[in-house]
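Here the structure is laid out as structure tokens; the discussion comes afterwards.
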Amino acid sequence: MPPRRTQQERRDQAEAAILQAAAELVVEQGVRSLTLARVGERAGYSRGIVTHHFGGKQALVDRLARATQTGFVPGLADLPPGLDRLLRLIDGYLGELGRIGVFNQAFLLLWAEAATQPDLAPTFRERDAAFRADLREDVEAGITAGDIAADVGADEVATAVVGQLRGIALQRLLDPESVDTEALRRSVTGQWRRALTT
């Protein structure tokens, strides 16, 4: 007989199944389809289990947003802040768009909806603020190291990079055949290198 799972293992498995179900529902049926009852049914659990683990829809959406952003671009955690990490993030982000999965599709759909859905807005404002803060850190470190021009505005670069990457991601989601992520990796990363170092 296989060993019994611990309570924590059962909890982790349930939460993973619930998040997977929530992401699938958002992608397949839209944000408005995301109810605790539907998520529970899709995951193979009751609504009560979803409520027990997440409390409510807002907490579920918040966790889904965090789960989809964490580790989207692998290999960055070991790099020190600076120009190299910033350019690798841009390149890696565009590369990941070529194989975008259900979690990331759900994130983008929820992010776009946050502009018109007051209950979603706080979560996605916070996620964007965290993304911009990481980018600002890279720009500031690059300026300090002398790799990025001293007159570059860290706030402006952070806002522009987030806008560009998310805009490309939404275009890729809308019309995958028209967005060549491999070509964009070369051109966009090169454009930012030139813009930041001259």
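Some observations on this one:
Here's the yes/no breakdown for (1) outside the structural domain of Glu177 (by TED's automatic domain parsing); (2) within 18 Å of Leu170 (Cα to Cα); (3) out of contact with any Pro (no Cβ under 9 Å at 6 or more places or on another chain):
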{"site": "Arg63", "(1), (2), (3)": "yes, no, yes"}
{"site": "Ala77", "(1), (2), (3)": "no, no, yes"}
{"site": "Asp84", "(1), (2), (3)": "no, no, yes"}
{"site": "Leu89", "(1), (2), (3)": "no, yes, yes"}
{"site": "Leu94", "(1), (2), (3)": "no, yes, yes"}
{"site": "Ile100", "(1), (2), (3)": "no, yes, no"}
{"site": "Ala106", "(1), (2), (3)": "no, yes, yes"}
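- The listed residues are Glu113, Glu182, Glu156, Glu96, and the only one of them that is within 30 Å of Leu25 (Cα to Cα) and exposed (fewer than 15 other Cβ atoms within 10 Å of the Cβ) turns out to be Glu182.
- The residues on offer are Ala149, Ala154, Ala141, and the sole one that is at pLDDT 95 or above, touching a Gly at 6+ places or on another chain (Cβ under 6 Å) and more than 26 Å from Ala59 (Cα to Cα) is Ala141.
- Counting only helices (runs of 4 or more DSSP H) that sit wholly inside segment 1-87, those with at least 2 residues that are surrounded by 18 or more Cβ atoms within 10 Å (Cβ to Cβ), touching a residue at least 60 places away in the same chain (Cβ under 8 Å) and touching a Phe, Trp or Tyr at 6+ places or on another chain (Cβ under 8 Å) are 7-29.
- Single match in Ala23, Ala37 (criterion: at pLDDT 90 or above, of a type in the set (Gly, Ala, Ser) and under 18 Å from Asn104 (Cα atoms)): Ala23
- Residues satisfying the criterion are absent from segment 41-52 (criterion: under 21 Å from Phe124 (Cβ atoms), out of contact with any strand residue (DSSP E or B) (no Cβ under 7 Å at 6 or more places or on another chain) and of a type in the set (Gly, Ala, Ser)).
The values are calculated or read from the model by the stated rules, or taken from the named source; none is laboratory data. The structure presented is a predicted model; accordingly, all values stated were derived computationally and were not measured. Positions of Cβ are backbone-derived with ideal geometry, glycine not excepted, and every protein chain shown enters the neighbour counts.
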